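Trainee: Mind having a look at this structure? Questions to follow.
The values are calculated or read from the model by the stated rules, or taken from the named source; none is laboratory data. Keep in mind the model is a prediction, meaning the values are calculated, not measured. Here the Cβ is made from the backbone with ideal geometry for all residues, glycine too, and neighbour counts use every protein chain on show. For accessibility, only protein heavy atoms count, side chains too; no ligands or nucleic acids. Shrake-Rupley method; radii C 1.70, N 1.55, O 1.52, S 1.80 Å.
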Amino acid sequence: MGNLRLGSTAPDFEAETTHGKIKFHDWAGDSWVVLFSHPDDFTPVCTTELGAASVNQGEFDKRNVKLIGLSANDVNSHNEWIKDINEISGGELKFPIIGDKDRSISTTYDMLDYQDATNVDAKGMPFTVRTVFVIDPAKKIRLTLAYPASTGRNFAEIIRVIDSLQMGDKYRITTPVNWQKGDKVIVHPSVKSGEEAEKLFPGYETVKPYLRFAADPSTRASA
């Protein structure tokens, strides 16, 4: 993703959106953010994706996550498109969509499609791919995903990763393959076995010296 890597500060920008003009960092405030791009308005895959994100709005709200979409069209086009999204999803899209007709934000975030020669506008200018940035309250990029224009995203996976990131920030853990919230977690390598590990993760299980499982600490804390 160009010079944007995990741990990079997400670039600030000003933009016109379906909720008015924003300054990105100010709009984000102390929330987590999912910034995700769409190739074009009134396209089939994008419509299903925005509908799914809208339907899952409550799950993101529970996690202090703000959603913001981006499409390479102007805000007037977005506002008309939202009517279709709401009709098809049966919900009401409540998060903003950025107007990026000139591709300035797409270029900053390296979202443009250099693979699919058909993913261009009438002037031959490339649209975006399906990029996802998960950004934490410190404005650090914590996850990047890039799907081709032909493939819709999995929002359950994005929520799963946010759960893992937020839990890892709060507790000294990592999460194993296919982990879901409530499953066992892995004790972070920085936690010393013995007294420290037992204090933090009572009853933890050592499978290998470098692989120690423990109950989901958030479940234990809320019990």
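Trainee: May I ask you to give the percent of accessible area on region 118-223 that is carbon plus sulfur, with a probe radius of 1.4 Å?
Mentor: After summing per-atom areas, the C and S share lands at 56 percent.
Trainee: If you don't mind, another one. Output the 0 to 90 degree angle, nearest 10, between the alpha-carbon long axis of helix 155-170 and the longest principal axis computed from the alpha carbons of the chain.
Mentor: 40
Trainee: Want the number for residue 5 to residue 31: 0.36 nm per residue separation, take away the alpha-carbon distance, what's left? Kindly include the intermediate steps, with their values, before the conclusion.
Mentor: On the way: separation 26, 0.36 × 26 = 9.36 nm, distance 1.99 nm.
Taking residue 5 through residue 31 to full extension adds about 7.4 nm, to one decimal.
Trainee: Working out 0.36 nm times the residue gap between residue 196 and residue 170, then minus their Cα-Cα distance, what length gain in nm do you get to one decimal?
Mentor: 7.7 nm
Trainee: What residue among 131, 43, 144 shows peak mean-square fluctuation when the chain is described by a Gaussian network model with Cα springs under 10 Å?
Mentor: Most flexible of the set in this elastic network: 43.
Trainee: Okay, next question. Once the other residues with Cβ under 12 Å from the Cβ of residue 22 are scored (Lys, Arg +1; Asp, Glu -1), what is the net sum? Walk me through the intermediate numbers first.
Mentor: Numbers: positive: 21, 23, 66; negative: 12, 14, 16, 26.
Neighbourhood net charge equals -1.
Trainee: Still on this structure, I have one more. May I ask you to list the chymotrypsin sites (Phe, Trp or Tyr not before Pro) in region 160-223 that are in a DSSP loop and have at most 11 other Cβ atoms within 10 Å of their Cβ?
Mentor: Of the chymotrypsin sites (Phe, Trp or Tyr not before Pro), the ones in loops of region 160-223 whose Cβ has at most 11 other Cβ atoms within 10 Å are 210.
Trainee: Also: Going by a ≥ b ≥ c, the root eigenvalues of the Cα gyration tensor, does region 17-90 fall in the rounded group (a/c under 1.5), the prolate group (a/b larger than b/c) or the oblate group?
Mentor: Here region 17-90 falls in the oblate category.
Trainee: Here's something else I'd like to know. Just to verify a number: FRET efficiency for residue 115 and residue 19, C-beta to C-beta distance, R0 = 35 Å, to 0.05? Kindly include the intermediate steps, with their values, before the conclusion.
Mentor: Details: r = 31 Å, r/R0 = 0.89.
The value I calculate is 0.65.
Trainee: Which percent, to the nearest 5, of DSSP beta bridges fully inside region 61-206 are antiparallel?
Mentor: For region 61-206, the DSSP antiparallel bridge percentage is about 75.
Trainee: Enumerate the residues in region 77-114 having an amide nitrogen under 15 Å from the point lying 7 Å beyond the Cα of residue 12 toward its Cβ.
Mentor: none
Trainee: What is the distance, in nm, between label points placed 7 Å from the Cα along the Cα-to-Cβ direction at residue 177 and at residue 125?
Mentor: A separation of 4.5 nm, rounded to one decimal place.
Trainee: Please determine, in degrees from 0 to 90 and to the nearest 10, the orientation of helix 44-55 with respect to the longest principal axis defined by the Cα atoms of the chain, where the helix direction is its Cα long axis.
Mentor: On a 0 to 90 degree scale, this one is about 50.
Trainee: Shifting gears a bit: For a 29 Å ceiling on Cα separation, which of these pairs sit above it: 66/199; 62/208; 23/83; 140/208? Intermediate values should be presented prior to the final figure.
Mentor: Working: 66/199 35 Å; 62/208 35 Å; 23/83 25 Å; 140/208 33 Å.
Where the Cα-Cα span goes over 29 Å, the pairs concerned are 66/199; 62/208; 140/208.
Trainee: Given a Förster distance of 35 Å, report the FRET efficiency between residue 57 and residue 188 from their Cβ-Cβ distance, rounded to the nearest 0.05.
Mentor: Calculated transfer efficiency: 0.65.
Trainee: Separate question: Determine which residues of region 1-37 fall in the zone a paramagnetic label at residue 80 would reach in this model, i.e. backbone nitrogen under 20 Å from the point 7 Å along Cα→Cβ.
Mentor: 16-20
Trainee: Among rounded, prolate and oblate, which fits region 28-144 when a ≥ b ≥ c are the square roots of the eigenvalues of its C-alpha gyration tensor, a/c under 1.5 means rounded, and a/b larger than b/c means prolate? Before the final figure, lay out the partial values.
Mentor: On the way: a/c = 2.02, a/b = 1.20, b/c = 1.68.
Oblate.
Trainee: Let me ask another. Excluding ligands, DNA and RNA, what is the solvent-accessible area per residue of region 32-169 at a probe of 1.4 Å, expressed in Å²?
Mentor: So region 32-169 comes to 42 Å² accessible per residue, rounded to a whole number.
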